[in-house]
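Everything on this sheet refers to the single structure shown next.
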Amino acid sequence: MNPLSLCLLLSCVLNAWADSRCGPTQEERNHGCCDKCLPGQYLGKMCTESEKTKCEWCMDGHFAELHNMFDRCTKCRSCQQVYAENCTSTTNAKCSCRKGFLCSNKDCSECEESKCPAWEQMEWTEPLDEERSTRNYKCEPMCATHEYFDEKQYVCKPRTQCSALGLNDEFPGNKTHNSICTSPGISLVHGILGVGFVLLSFTLLVFMTHSFIKYLMKNTASNLSKTHTFHDNNPTVFTKASDAQLSQEECGMKLIIMDESINGEDTASRAGDHVWITHLG
């Protein structure tokens, strides 16, 4: 080994030994090792040979996650919609988007409304890039082939396999609804009930029609009977003797027409105006 190589090797060893004198939470300075500030703090004044490092606590809305020697804390993240976790002096805020929206950057601090149906989710077709203002996306199903999306609970659930349970598959299910199964005998029962309902409806219709016709006939007969009774209770009234075409034998009466002169007046014109009825018996 030549002298130059040996010198370089010794220099590296000395530097490594010097660095190892400071701990993981310290930083080397010309006069020695200075303590770093704790998480949640920032550097107020660098240490000296006679004084230790002076640190200050982060102000509200700022944080410091690690031991550091920075002169200020980092500003907390601002969320556009939902704060999944609030910012503290040692942790940054975590953001999320409301249902129907998708994170439009890595930190989810900005959200974009989803153009997909409820059972599908937006998938970006390009890598996330904070410098890119717009990106292309596509809608992908949220659930697997044999699952359906429960909108109330906002989760995917497996569809019921009717055939595996020995049941009939009345409705196979789709992306948003579960399968509907029926027992093998249910279809026959439904058929019988359907026929019974039709027969009952027809019987009721016939009964109502018959009752209505019977009511009309009874009402018509009652009106006719009242009309005949009215005529029977109103006999014919004769105003003149000539109107009563009855013989003496039929009525047992004798009609006598009296001719009189009253005050010299001719009674011929008044003949038949006065009728006296005398019983013979």
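The values are calculated or read from the model by the stated rules, or taken from the named source; none is laboratory data. Model, not experiment: these values are computed from the prediction. Here the Cβ positions follow ideal geometry from the backbone for every residue, glycine too, while neighbour counts run over all protein chains shown.
Looking at residue 41 and the list (1) touching a strand residue (DSSP E or B) at 6+ places or on another chain (Cβ under 8 Å); (2) at pLDDT below 95, which single condition is not satisfied?
Every listed condition holds for residue 41 apart from (2).
Taking the stretch 57-68 only, how many residues are farther than 22 Å from residue 32 by Cα and outside any loop (DSSP other than H, G, I, E, B)?
Here the count works out to 3.
Go through (1) more than 30 Å from residue 22 (Cα to Cα); (2) in contact with a Lys or Arg (Cβ under 8 Å, 6 or more places away or on another chain); (3) not basic (Lys, Arg) and name the single condition residue 69 misses.
The one condition residue 69 does not meet is (1).
A quick yes/no check of all residues on (1) surrounded by 14 or more Cβ atoms within 10 Å (Cβ to Cβ); (2) in a loop (DSSP other than H, G, I, E, B):
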{"site": "27", "(1), (2)": "yes, no"}
{"site": "34", "(1), (2)": "yes, no"}
{"site": "48", "(1), (2)": "no, yes"}
{"site": "52", "(1), (2)": "no, yes"}
{"site": "70", "(1), (2)": "no, yes"}
{"site": "77", "(1), (2)": "yes, yes"}
{"site": "84", "(1), (2)": "no, no"}
{"site": "91", "(1), (2)": "yes, yes"}
{"site": "115", "(1), (2)": "no, yes"}
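Considering only the stretch 36-46, state which residues are buried (at least 16 other Cβ atoms within 10 Å of the Cβ) and basic (Lys, Arg).
Correct list: 36 only.
For the condition modelled with pLDDT of 85 or more and loosely packed, with under 11 Cβ neighbours inside 10 Å, what is the one hit in 149, 202, 171?
None of the others qualify; the one that does is 202.
Is it true that some residue in the stretch 115-129 is of a type in the set (Phe, Trp, Tyr), modelled with pLDDT of 75 or more and more than 30 Å from residue 87 (Cβ to Cβ)?
yes
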